[in-house]
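Data first, discussion second: the structure below is written as structure tokens.
The values are calculated or read from the model by the stated rules, or taken from the named source; none is laboratory data. The structure presented is a predicted model; accordingly, all values stated were derived computationally and were not measured. Reconstructed Cβ throughout: ideal geometry from the backbone, glycine too, with neighbour counts over all protein chains shown.
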Amino acid sequence: MYRVETPSTDQEFEQYFRFRWEMLRKPWNFPEGSEKDEYESVSEHRMIRNGKGELLAIGRMHLNASDEAQIRHIAVSPDAQGKGLGKMIVSALEQVARKQGVLRLVTNSREISIPFFSSCGFNIEREAPNDLGKLKRQQMVKRLTEMNAIMLHQDWCDELQRTWQDTIPISDQMGIKLYQYTGRTLEARASLNKNINIHGTMFAGSIFSLATLTGWGMIYLQLKQKGLMGDIVLGDGDIHYHKPITMQPRCLCNIESLDGKFDPLTKEKKACIKLQVDILDGDNPVAEFSGIYWVLPSRQDKLINE
């Protein structure tokens, strides 16, 4: 399970910049210090670490104008490539850009990185200035829409919301709503007022329920995507709370966090899916949920086959 973090301490930034230099500058024989520029203090920085605190991936975003942001310095450790960590970093930076009212993202990509940014929704627009005078790059652009307009497969999302309301009545009482689905990220939100305790913060049990349903919903939509049916049940859930929620309860599940295969369902066997849900209060990470879900062959399917 991986989580996107924001470096905050001097030690974390030192580790962050060292990683950037080793991944993106050292291979081209540029000296230490060349990995930084004048935008560092006004940029959004993100990173992913493993359980030992070792950096696995990083990325940065800064504003070029009020409606344009630039993504730079996406790097993933060679040992961690192929796990979707780069896309998690880009997705996290894109979410920040959307909240700041950005209408277009740009990145200057080398030839080797073009397929990656294409898979993140960027398109080549023109040739970009060479980085440090040596590396030929293409400027790639991704035009953004309003966050609340991103609802891929609206019919599936409406069906998921109805399923929550019809089969889990408490979800409606808690004010749990599917906020966005991009195909890679599912976000669900809840009403703080309907889940507030005597301390003015959200009930821990309500946070757990919101996270559980977010993970459940991601699996539901993945079944739709794959043309499969199944009954989803939570096998085990573990949550770590760091801070209370006092403003806006949000839960995000990225497709890169899913671990498991749906193939057994095609043979009428149960499938085990592990995933992670990031819990935020507004833009601030406050907890993480790790869940193990079982997808059982649909009972309705069996009745039809019999």
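Couple of notes before you dig in:
- When the criteria are applied in full, Phe30 meets the requirement of being in a loop (DSSP other than H, G, I, E, B), of a type outside the set (A, V, I, L, M) and either farther than 23 Å from Asp283 by Cβ or not assigned by TED's automatic domain parsing to the domain that holds Ile74 (or both).
Okay, residues lined up against (1) assigned to a strand (DSSP E or B); (2) closer than 19 Å to Phe122 by Cα:
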position	(1), (2)
Tyr16	no, no
Arg25	no, no
Ser34	no, no
Ser41	no, no
His45	yes, no
Val90	no, yes
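- Residue match in region 209-230 (condition: over 22 Å from the mean Cα position of the chain (by Cα) and of a type in the set (S, T, N, Q)): no
- One residue stands out among those in region 60-78 that are surrounded by fewer than 19 Cβ atoms within 10 Å (Cβ to Cβ) and either free of Cβ contacts under 8 Å to residues at least 12 places away in the same chain or among the hydrophobic types (A, V, I, L, M, F, W, C) (or both): the one that is farthest from Ile48 (Cα to Cα), which is Ala65.
- Odd one out for Gly51 among (1) at pLDDT below 95; (2) surrounded by 14 or more Cβ atoms within 10 Å (Cβ to Cβ); (3) more than 22 Å from Gln100 (Cβ to Cβ); (4) not basic (Lys, Arg): (2)
- Against the list (1) farther than 23 Å from Glu159 by Cα; (2) within 19 Å of the chain's Cα centre (by Cα); (3) part of a strand (DSSP E or B), the condition Cys253 fails is (1).
- If you filter region 260-280 down to residues that are of a type in the set (Asp, Glu) and free of Cβ contacts under 8 Å to residues at least 40 places away in the same chain, you find that the one that is farthest from Leu93 (Cα to Cα) is Glu268.
- Inspection of region 224-243 finds no residue satisfying the criterion of being without any contact (Cβ under 8 Å) to a residue 60 or more places away in the chain and surrounded by 20 or more Cβ atoms within 10 Å (Cβ to Cβ).
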